[in-house]
1. Starting from the 7 Å offset along Cα-to-Cβ, what nm value, one decimal, do you get for the label separation of B:GLU225 and A:LYS299?
2. Starting from the Kirkwood Rh over alpha-carbon pairs, what translational D in µm² s⁻¹ does region B:28-153 have by Stokes-Einstein at 4 °C and 1.567 mPa s?
3. Quick one: what do you get for chain A if you divide its Cα Rg by 2.2 N^0.38 Å?
4. Given an 8 Å cut-off on Cα distances and at least 6 residues of separation, report the relative contact order of region B:85-161 as a percent.
5. To test your reading of the geometry: what angle, between 0 and 90 degrees and rounded to tens, separates the Cα axis of helix B:35-47 from the longest principal axis of chain B?
6. Can you list the HN-Hα couplings for region A:234-248, worked out from phi with the Karplus curve (6.51, -1.76, 1.60; θ = phi - 60°), rounded to whole Hz and with x for Gly and Pro?
7. Springs between alpha-carbon atoms under 10 Å, Gaussian network over chain B: tell me which of B:SER33, B:SER86, B:SER129 tops the mean-square fluctuations.
8. Over all residues in A:242-253, what is the mean tally of Cβ atoms on other chains that come within 10 Å of each residue's Cβ?
Amino acid sequence: MQVTNRLNPFFENITFDREDNEMILNFGPQHPSAHGQLRLMLHLQQEQITKAHPDIGYLHRGMEKMAENMIYNEFMPTTDRMDYIASSSNNYGFALAVEKLIGLEVPRRAKVIRMMLLEINRLMSHLFWLATTALDIGAMTVFLFAFREREYLMDIIEGYCGARLTHAAIRIGGVPLDIQDTFISQLKTFLDKLPQNIKDYEDLLDTNRIWLMRMEDVGTISKEMALSWGCTGPMLRASGVAWDIRKEEPYELYDEVEFRVPYSDKGDNFARYRIYMEEMRESAKILHQTIDMYEKCVKDNQTELMAHAPKYISAPKLDIMTQNYSLMQHFVLVTQGMRPPVGEVYVVTESPKGELGFFINSQGGPYPYRLKLRAPSFWHTGILTDLLPGHYIPDVVSIIGTTNIVFGEVDR
Amino acid sequence: MRAYKPKDNVQAKAYYTDRFYVSPQVPKSPVESDEIFAKDLEAIKANFTVLDAYIQVEQMVVYINPQDNFKVLKLLRDECEYTQLSEMSAIDWLATRGGFEIFYQMLSMNKRKRIRIKMFINKGESVNSVEKLFRSADWSEREMFDMFGIEANGHPFMKRILMPYDWQGFPLLKTYPLQGDEFAAWYEVDKIYGKEARDIIGPELRDSAKVDRYDSERFARLGYEVPKGTVITGNEPKNEENYQEEGGVFMIKKFDKKDSVVVDDPQR
């Protein structure tokens with residue numbers, strides 16, 4: 001028998017021989033396939049789950065509290081730490097929310113660059129999803145392949161903003177820099193290879209017996225359940241709702257590019273897998289179009305990268321270094337911070353995981369009065385409560401895999 | 001007269017505000033300017049009291065009475081096609097208005113419209129749970145309880161969700177400091193080692209920017225280097241390090257510490 005005291009508490013994961021023969025299994029928070037810090041308390045009858053209780057909060061950093069104590073620009077790098085697999089999409093969601101609050105119009109060239117970054121992030125996130133999920137199921141080859149492709153994308157991003165994971169590549173009012181000279185050529189090289197790469201993954205998985213057994217008819221989410229639980233993104237589209245915010249409530253220049261919204265009415269793990277694969281193809285399609293848009297911007301000599309709004313946005317570096325008034329504005333904006341108008345916005349964007357929303361209540365001060373982060377993964381974790389009962393222990397891993405939850409976002 | 005500033009609000013505050021500055025407002029437009037929203041508002045108005053309604057940044061905002069929240073959301077879901085509750089939470093207005101504002105952010109995919117239902121509750125009041133209508137409210141309401149201490153009546157599992165179950169205090173209140181309160185400083189020490197170990201371990205340091213120049217274990221001391229672990233008890237040698245070269249730079253005066261006034265107070 002273990003000697004228990006405060007330092008060595010009696011801590012037993014598994015309880016046997018209760019009266020009803022129910023076993024309680026503690027899954028995580030350090031389980032390798034828990035995708036971060038998810039703790040699941042599973043009530044089992046033999047191998048079958050009768051009750052699931054997801055427990056979160058192991059990565060809670062209080063970002064909403066931090067936001068109330070930071071000026072708007074200061075909060076930007078913190079948003080990186082939400083969905084750290086695709087951090088530019090968080091940057092973008094926050095920047096767009098503040099821009100809507102102020103009523104800013106971003107220059108076209110910046111918009112094109114932002115779209116490129118967003119789609120690269122989507123590809124990175126989907127590749128990461130494929131790699132980790134395949135690894136959870138046991139498909140090591142796919143993991144290595146997908147990580148290789150993701151590495152190319154991270155190199156491109158690194159060339160742009162200097163960071164591979166926490167980009168902070170977008171500013172309120174535009175983007176800080178133009179893309180580097182090699183960006184387009186690197187991206188084109190990548191996009192040329194991508195269709196073949198996706199085909200490789202599919203060849204390895206689509207007819208793989210193990211993959212099909214773990215994916216087909218496992219973790220089926222009905223349309224009603226998905227809507228009721230606030231599912232968005234691929235989780236919702238796999239359940240038969242063709243809802244993509246890029247298409248339905250277009251932001252940036254998504255109404256100018258052509259792409260399809262893949263959806264399925266099956267609702268199971270396999271449907272989600274297919275949607276991720278199709279979305280990668282669509283992202284590639286969008287990226288091809290943004291390259292043309294960017295080249296047109298260059299041809300038309302549209303060089304502006306930041307919105308012109310002296311009250312809120314610092315002037316370009318050249319002006320700051322040469323003009324007194326711009327320097328003064330910059331000083332005030334850095335030391336005191338911008339003061340957006342009094343009001344409230346709730347702005348949504350389609351992040352790789354789903355609907356990423358930023359609710360900002362501004363009282364006219366340099367700090368947001370209240371900032372609520374609506375992270376899609378939060379509800380995609382919550383749905384496990386209703387989704388897991390009836391499934392078996394091995395299904396838990398594949399279901400967590402296909403929900404694509406990232407704990408930076410769940411706990412915030 | 002000076003503007004009212006709540007004394008117990010411990011959040012960061014602007015260190016300078018122009019007293020004659022009037023903040024602009026995010027423009028609001030009347031609900032009648034949008035056909036679909038006008039219809040939805042009529043449906044709500046037919047059965048419930050609407051305190052205020054307007055459109056702001058493409059979304060309709062409707063203020064209702066807190067006791068109507070369940071029925072209004074049910075009406076919106078069943079009759080107005082607002083099938084998803086995207087988000088809900090609260091805003092702390094305790095200091096100025098003595099209560100919380102609660103918002104429900106709803107989405108209609110058929111109409112491609114979003115509306116925000118808002119209501120005001122006084123301190124200590126609870127709200128009706130909407131978990132029976134939208135399962136997503138299960139976790140949102142728990143989060144709201146966790147962060148603000150607002151309870152939802154009829155919720156099946158009203159427990160903390162992000163903070164530990166035995167936490168004290170509600171972190172998103174304006175009265176709760178960013179670095180955590182007294183309880184937070186001792187939480188882990190008390191829990192793991194017991195209260196008797198407080199003197200040995202000390203409170204948890206949650207200020208990541210904290211620098212202690214007398215702590216030679218963790219901090220280097222430029223200009224006053226000592227071996228690691230040295231106990232420093234004042235009487236430091238005054239060997240001032242000079243970082244400016246002797247020859248000097250064009251136009252830049254050499255810094256002379258003896259002839260300068262050094263302001264030590266960071267809050268000056």
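Bear in mind these aren't lab numbers, they're just calculated from the coordinates by the rules spelled out. Every value quoted in this text rests on a predicted model; they were computed, and no experiment measured them. Backbone-built Cβ (ideal geometry, glycine too); neighbour counts: all protein chains shown.
1. So the label points at B:GLU225 and A:LYS299 sit 6.1 nm apart.
2. Reported coefficient: 88 µm²/s.
3. On the way: Rg = 22.9 Å, N = 412, 2.2 N^0.38 = 21.7 Å.
Against the empirical 2.2 N^0.38 Å value, I get 1.05 for chain A.
4. Values: 134 pairs, mean separation 20.0, N = 77.
Worked out over region B:85-161, it gives 26 percent.
5. Between helix and principal axis, roughly 70 degrees.
6. x, 4, 7, 5, 6, 9, x, 10, 7, 10, 10, 4, 4, 8, 7
7. So, out of B:SER33, B:SER86, B:SER129, the one fluctuating most is B:SER33.
8. Details: counts 1, 4, 0, 2, 0, 0, 3, 5, 0, 0, 0, 0.
What the average comes to for A:242-253 is 1.
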